[in-house]
Every structure is written in C-alpha cells, then in structure tokens.
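In what follows, a single structure is set out as structure tokens and then discussed.
The values are calculated or read from the model by the stated rules, or taken from the named source; none is laboratory data. All figures in this text were calculated on a predicted structure; none of them were measured in a lab. Neighbour counts are summed over all protein chains in view; Cβ atoms, including those assigned to glycine, are modelled from backbone coordinates with ideal geometry.
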Amino acid sequence: MKNINYKIGRTTIVLGLLLIFNLGCERDLTDEAVLATFPTTAEIYTDNPVGLTDEFFISFDPAVGANPEAFGTDDNESYEGTSSIRIDVPGPNDPNGTFAGCIFRDRGEGRNLTGYDALTFWAKGSTTGVLGEVGFGVDFLENKFPVNRANIQLSTDWRKYVIPIPNPEKLVQERGMFLIAVGSFDVLGNDDPALADSFSDNSGWIVWLDEIKFERLGTTLTVNAEILDGQNLVQESFSNTTTTITGLSQTVNLATGENVTVGVAPTYFDFNSSNPAVATVDENGVVNVVGQSGTTTITAVLGNNQAQGSLEITALGDFPLAPVPDDPAANVLSIFSDSYTDVVDANFTPGFGGSTTQASVLSIGGEEFVTYENNNFTGIMFDNNPIDGSAMSFLHVDIFAPDASTQVEFQIRDIGSNQEIETNEFTGFPTGDDVDYRVTLNGLTPNEWNSIDIPLVGNLTTQRNNLGAIILVGGPSFILDNIYFFTE
Amino acid sequence: MKQMKILKSILACAVLLAGTLLITNCEVDETQTVTNFENLVMADEFDVDGAPDPTLWTYDIGDGSAEGIPGWGNNELQYYTDRPENVKVENGLLVITAREEAFDGSSYTSARITTQNLFEQQYGRFEARIRMPLGKGIWPAFWLLGNDCDINPWPQCGEIDVMEYLGDAPTIVFGSAHGPGYNAGDSISKEYELENDRFDTGFHVFGIEWGPDYINYYVDDELYQQITPETTAEEAVDNVPNPGEWVFNRPFYIILNIAVGGNLPGAPNEDTQFPQRMYVDYVRVYN
C-alpha cells in the first residue's frame, strides 16, 4: 500500500507540473511550483565537491576546540578517480584546535533526498583510528534533520561506510550534506572523557574520504527504532510544563549483515499523544502538558516502524507554590525567599568539576524557586558574603520532590575565619578552618512541598559565624524554595 | 528442445573460456530460457490453515542424535519439532519458525519438513516462493536429497541445494550440489546476489531444472548456475570412492528447514532476534 500511495503521489506531482506547464503561456510559474523541484543530486564529493558552498569545509566553531586548518584535498590518494578529501586530525596539543569537525552544505536551497535511503562514503586512516561522528542534516542554519553515526572504526585500507536515512520522506529540501567530527588517535586506548589528562598521550592522524554520496541501496532494513532509549517511562507532570523526548535512535541491518545504529533527530519521527487534551507533542518531541488531570501516552513512529519506548504522563494540575513561611522577619537571615529580604546573593551554579547538575531559578506568578535536575553534587554558594549565624538555630528549606525515592544530603558549611572554602578533594570533607553539619532529607512526600527545619548542630554548635555554602548531594531532581536561617 | 539451446550457448561460452576454468561464471545471456518443464505434477499452495498436508509432508524430529548425526552433521544447535510453534500453515503460507528456548537439551527449536516417501521424483523443475528470515546464525534451506541414502550413504545418494541462505548476508543465496568428491566444504556451489533488494523483505522464487545431465539454478527470472557431469568430474577431489560421479540419477525428495548455528553460519549473536520465520508461499514441481 505504501508503494501504491507513493506512486499516486508522484503521479499527482507530475500532473501538477504538466498543468502548470500548460498554463505557462498565460502566467508565470508560482513560487510554489519552483519549490516542488529541488535538485536530487546524489554526489557530495567525487573528485571535487559537487554543488557545495565555495568554502566547502565549514568548520565547527574554533571556540569549542575545532581546528579549522585540518581540512584539504589530496591528489595523491583516492578510492576512485584522482582526488580525495584529507583531514589532518590534530594532536591533543595543537594550538589551532584539538579536533577536526566540519559540515558540507549545499550551495543552493537544498536537495530533495526522498529518493535515497543512505549516505555512503569510502574512508581510510593513516592508522586504525575511529571517526567520532559522521552524519548529515546539520547545515548550521536550521539543523532540522540531523542523523549521526558514532564511533566508526577505520582501517588503513579503503572501506565503504553506510549511514542510513531514517525516514527519507522528510528530506524534501535538505542543505546539511555531510558532517564529520574526529579527534586525535587514542594510542594507548585509555581515553576517558572524565579525565582530561587521558588524552595527552594521543597523536594526530590522517583520514581520507572519497566518493561521498547519497544512494538508494534498497538493501537497508530497519530492525529497531527507539525513543527514550526504548524504555516505557511513567511520569507525573504539572500543567504547562514541558518534557522533551530524547534517546532517539534507529538500527538498520545492512546487506553485509551488520547492524548500524544512528542517532536520529526527533523531526524524523511522527509523535502521537493518545490523549491530546492531557498533553500534546510537537514535531521536535516536546511534550506540553495542557490538561489539569488525566493520563496520556506518548508514542512515535519512524517511517513504517513503531518505535520502542513510550512516555505515560499523568497531569497533576497547576504547579503548587511553596507555603508562605511564618517565621518573623526579625528572626530570619534569608538566602533565597520571596517572603524575606535575602541577605546574600546566592550562586546556584558554582560549576564544580565533575558536576552533572542542572540548576536554574524559575518563576511562576512572580514566585521564584530553584529547580535541580540530574544532581550528583552542587552547592548554593554565598562564600563571598558569609553569614554570621551565631544567633540562628535552624536552616529552613521547602523541598519539592517528584517521587518518594528522592533523597538529598544538605551539607551546611561554615568556611571559618579565613572565609575560604577548604575541602579535602579526596574525601569531600571540610579541612582547614572549615566545618560542616550534614543531614540527608529523605522520606519526602512526593509532588508536594515538604517544609524542613534543619538544626544547626554538630560542628556548627560552636562555629557558625561564617556560614558560606550549602552543598547539595544526590537527589537527583528536586525543587527548593524559602531557604533561610532562623531562630525561634 | 529449448533446453538444448541453453546447453549449446553455455557450451559455446565454455569453449570461448577454455583454459580459464570459469565455466560457471559465464554471463547468462538474454536469449536463455529460465524454465522449460511446464507440466505441473505436484503443488502445495499452503491454502489450508493448520499442520502441513500430511499426505505430502513428514517431519525430521530432534537434534539428529537418533539418526546418528548429533547437530545434523553440521554442529547445528536447534531441536526440530512438529509443534505449531515451529511449523504451521497460516494465511496461505507455510511458516517455519526458529525459536530461542530450552528444549530437550537444545537452546533453540525449529522445524524441518520433508516429502520423503510421500513425494519423490527424478528430474524436473522444483521451485518454491519464499521470504527469508534474518540474523547471524539463521540458516534456512530449500533442498533435495536422494531417496536411497540408507543404501548409498550420503554423499553417494546426492544432495541438491536449491536454495541456502545465511541470515547475516541478507542479499545472497546460493545453490549447490553434493556428491562423492564434491560435498560439504568442497561442494559445487554458486552465490546469487540480489541487487538493490534483500531476501528478507519480500518473496522470491528459487528453483532448479534438473535433467539427466544438468542442473540449472535460478532465482526469480534469472538463471545463474548450471552444474553438469563435466562440472562434477572437474571439480571433485579424487581421494574418495567414485570421485565426481554424477549421482543425480535417482528420485529425490524435498526438504524445507531453518537450521540455527552450525559450522556454516556460526552461532547466533547478540543482534540475532528470535523468533525468526521463513515464509513459503508455495512449492511446485513440474516435469
């Protein structure tokens, strides 16, 4: 049925063009008619760039470490013909940038790629390195249809590599022809993104690319499509909040029998909400909770394949504001509250090394609160302006947790008379003249505000005149409001 | 008589290439005719849901131990059953299903059905329309065995593999012949590769035409291999009895199966999804 529909569609287009042609003597072609005929040029690079921008290597931003000098062509090496693309991948200490990354963009308004099912290219390396990422759909303009295949192992001989197009019907006007990003050669096989030092022993290497083109192979078969990494997730969400569907991929079986998995932009999928009165989902996979109650399930289809994974969302109604605290202002030294005048300008994003935390201050109806997502450890820092808490007895905090398993450790830190944070980097405990008191908040009632008063005891009993930080460990996701010291 | 034309053209080709030993690589030219036997003598269209027609099909059961060849002579991993989970007729198709499940000491189950003692024929055209399964370690076949293997033990009784396929090469099938001096790893065999398509996404016709001194192999409307007594004589190894003897001169019966694992395909890997199914639209025999 799919084929038949497709043929009918094509016939209609042909008839449409004929009709316009016949009317051509009476009126000019409309803009719409021109738009229907983007070129279908398959070749990207043969012995020369084909239909690409004049500076056909468009480098990634040097500000993020990309080396714009890495790209060239090589008339001494080619898989076919007389020339290939040569990438001199920089070593880890190259002052011009430590990785090579670029795109090729169509020089015109884009190409119609609906007749193809794969991007293919031939490649070889000066050594058996790995291409970090290769794909298409990134044009540095709209970046609407990115597809990427990660970690392609090269050999020192020419081999053909295939990147399937997840759903060619979507690519009626694509300018992002090719993308490649490649880093230095991991000589010792010890690269670890968490350890910057692990790259220092790497070396530069050379990658050659040739015969880059779109093809209709006819031999690719989708064996899996996934959203949310294939998981069926359940979530409760407040009205007027959004959730983005991530973890999108497609796995294709090639003629070689090899399964290739590519990361796929949401725009290739067709998303569905089983109850749009509860939540809608747009073409970018952004789910917007529009209802006050009820449940909906978000699913997706990639071409003819139902994607594995789903998101069941129950609407919880409007997000509740934190309770208004009733401690007299005279007894309070506030860090973050709309009910008091804050005595410090707290920093919620200290950027600790190794922290995965996303913290942000949001506002609903003029009421501010701080949201934390994916927290491993972070801090609320007021060390530039420590608080003398000698007269205070408690730290108050209102905490909102999405589920009952949430648990957050609060480490209330006094930074001592030198007013510097001093931490043992191996244990995380205070050193020097710093002390802290730690308490883990758990057993929280989910999806409502929990008001907690933490006593300033332990090491703080005798030292709390330079309170400089509250370190937050774990969670991983929660919301805070009304953070202040007080005495009864 | 048309058959003679094909033979002449192939012989002419062989003469042109004399000395190169590339006889089976001769291009099949457009004037060749794929099939000549048109008198239908047996057809199973698989139109009745349930077990396969018992007047035509019987089952090989087990892991080959009962036959004295555990792993069916190839270290295969499946246990063949006659359960509907492994073989049934449904919606106009014979469905043979390979499953990953513990069964009587094996880790996989599947089915192998044969027409032994029910339909056996010497010479003619044997064809089936089949859609393949997918995945490393999956090894379906449509093949014929000589009906006197109990008297003339394999390979003397002969084997004609109309179609074999490995699930990690989804665009390729191969046709083979086994006999004395040309069997197992030394069988006479040729691959056929589908262009711009794959065998697990649609049905294709696999067939042979077999006469007294030739076996022609075809896929859909393309003839891709001819095996003759000259071929077997030339290609056989000679350290066995009757090397290269043309043994395709007795009635043969039909076998359809999916093997899992074994010497040829290797074991399934983490990408192999189960169950895997071979769909057979029909089996037809002409003379």
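Residues A:SER239, A:SER274, A:SER249, A:SER334: which one is more than 28 Å from B:PRO170 (Cα to Cα), away from chain B (no Cβ under 14 Å), surrounded by 19 or more Cβ atoms within 10 Å (Cβ to Cβ) and out of contact with any Pro (no Cβ under 7 Å at 6 or more places or on another chain)? Break it down into steps so the answer makes sense when it comes.
Details: A:SER239 fails: surrounded by 19 or more Cβ atoms within 10 Å (Cβ to Cβ); A:SER274 fails: surrounded by 19 or more Cβ atoms within 10 Å (Cβ to Cβ); A:SER249 fails: more than 28 Å from B:PRO170 (Cα to Cα).
Exactly one residue qualifies, and that residue is A:SER334.
Which of the strands (runs of 3 or more DSSP E) contained wholly in the range A:43-129 include at least 1 residues that are over 30 Å from A:LEU221 (Cβ atoms) and within 30 Å of the chain's Cα centre (by Cα)? Let's see the steps before the verdict.
Details: elements: A:43-45, A:71-74, A:84-89, A:99-105, A:118-125.
Ranges flagged: A:71-74, A:84-89, A:99-105.
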Of (1) surrounded by fewer than 16 Cβ atoms within 10 Å (Cβ to Cβ); (2) touching a Gly at 6+ places or on another chain (Cβ under 9 Å); (3) in contact (Cβ under 8 Å) with a residue 60 or more places away in the chain; (4) aliphatic (A, V, I, L, M), A:VAL262 fails just (1)
Exactly one of B:ALA128, B:ALA102 is away from chain A (no Cβ under 14 Å), in a strand (DSSP E or B), among the small types (Gly, Ala, Ser) and over 20 Å from B:ASN287 (Cβ atoms), and that one is B:ALA102
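Looking at the structure I just gave you, is A:ALA277 under 27 Å from A:THR251 (Cα atoms) and hydrophobic (A, V, I, L, M, F, W, C)? Quick ask: steps written out before the conclusion?
Working: under 27 Å from A:THR251 (Cα atoms): no; hydrophobic (A, V, I, L, M, F, W, C): yes.
Taking the combined requirement at face value, the residue does not satisfy it.
Here is a yes/no grid of residues against (1) surrounded by 16 or more Cβ atoms within 10 Å (Cβ to Cβ); (2) farther than 23 Å from B:LEU94 by Cα:
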position	(1), (2)
B:MET163	yes, no
B:SER176	yes, yes
B:PRO180	yes, yes
B:GLU222	no, yes
B:TRP246	yes, yes
B:PRO251	no, yes
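Kindly provide the set of residues from the range B:188-211 that are in contact with a helix residue (DSSP H, G or I) (Cβ under 9 Å, 6 or more places away or on another chain) and not small (Gly, Ala, Ser), ordered by number.
At the first step, the residues of the range B:188-211 found to be in contact with a helix residue (DSSP H, G or I) (Cβ under 9 Å, 6 or more places away or on another chain) are B:188, B:190, B:209, B:211.
Scanning the range B:188-211 gives B:ILE188, B:LYS190, B:GLU209.
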Among (1) at pLDDT 95 or above; (2) in contact with a Gly (Cβ under 8 Å, 6 or more places away or on another chain), A:ASP94 falls short only on (1)
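Quickly run through the range A:445-462 and pick out the residues that are outside any loop (DSSP other than H, G, I, E, B) and out of contact with any His (no Cβ under 9 Å at 6 or more places or on another chain). Even if it seems obvious, please write down each step before you answer.
To start, the set of residues in the range A:445-462 that are outside any loop (DSSP other than H, G, I, E, B) comprises A:449-455, A:458-460.
Once the filter is applied, which keeps residues that are outside any loop (DSSP other than H, G, I, E, B) and out of contact with any His (no Cβ under 9 Å at 6 or more places or on another chain), the range A:445-462 yields A:TRP449, A:ASN450, A:PRO455, A:GLY458, A:ASN459, A:LEU460.
When you look at B:GLN225, is it within 14 Å of chain A (Cβ to nearest Cβ) and either at pLDDT 95 or above or more than 17 Å from B:LYS190 (Cα to Cα) (or both), yes or no? So that I can check it myself, show each step before the final result.
Details: within 14 Å of chain A (Cβ to nearest Cβ): no; either at pLDDT 95 or above or more than 17 Å from B:LYS190 (Cα to Cα) (or both): yes.
No, not satisfied.
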By residue number, the members of the range A:198-234 that are part of a strand (DSSP E or B), out of contact with any Phe, Trp or Tyr (no Cβ under 9 Å at 6 or more places or on another chain) and either crowded, with 16+ Cβ neighbours inside 10 Å or within 14 Å of another protein chain (Cβ to nearest Cβ) (or both) are A:ILE206, A:VAL207, A:LEU221, A:THR222, A:VAL223, A:ASN224, A:GLU226, A:LEU233
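If a residue has to be of a type in the set (S, T, N, Q), more than 19 Å from A:ASN465 (Cβ to Cβ) and touching a strand residue (DSSP E or B) at 6+ places or on another chain (Cβ under 6 Å) to count, how many in the range A:384-412 make the cut? Walk me through it before giving the result.
Residues of the range A:384-412 that are of a type in the set (S, T, N, Q), as a first pass: A:384-385, A:390, A:393, A:405-407, A:411.
Next, from what is left, pick out any that are more than 19 Å from A:ASN465 (Cβ to Cβ): A:405-407.
With touching a strand residue (DSSP E or B) at 6+ places or on another chain (Cβ under 6 Å) added as a condition, the list becomes A:406-407.
Adding up the residues that qualify gives 2.
From the set of residues in the range B:163-201 that are among the small types (Gly, Ala, Ser) and touching a strand residue (DSSP E or B) at 6+ places or on another chain (Cβ under 6 Å), which is nearest to the other protein chains (Cβ to nearest Cβ)?
Of all residues in the range B:163-201, those among the small types (Gly, Ala, Ser) come to B:167, B:169, B:175-177, B:179, B:181, B:184-185, B:187, B:189.
Still in the list and also touching a strand residue (DSSP E or B) at 6+ places or on another chain (Cβ under 6 Å): B:167, B:175-177, B:187, B:189.
Details: B:GLY167: 7, B:GLY175: 19, B:SER176: 20, B:ALA177: 25, B:SER187: 22, B:SER189: 19 Å.
Only one residue tops the list, namely B:GLY167.
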Pairs returned, first residue in the range A:121-143 that is free of Cβ contacts under 8 Å to residues at least 40 places away in the same chain, second residue that is surrounded by 19 or more Cβ atoms within 10 Å (Cβ to Cβ) and in a strand (DSSP E or B), beta-carbon separation under 6 angstrom, 6 or more apart or interchain, are A:ASP139/A:ARG105; A:ASP139/A:GLY176
So the strands (runs of 3 or more DSSP E) completely within the range A:141-195 holding 3 or more residues that are out of contact with any helix residue (DSSP H, G or I) (no Cβ under 6 Å at 6 or more places or on another chain) and of a type in the set (Gly, Ala, Ser) are A:176-183
Exception for B:GLU245 within (1) within 17 Å of the chain's Cα centre (by Cα); (2) more than 14 Å from chain A (Cβ to nearest Cβ) falls at (1)
Considering the range A:360-383, residues that are free of Cβ contacts under 8 Å to residues at least 60 places away in the same chain and not in a strand (DSSP E or B), and then whichever is nearest to A:ALA469 (Cα to Cα), we arrive at A:GLY366
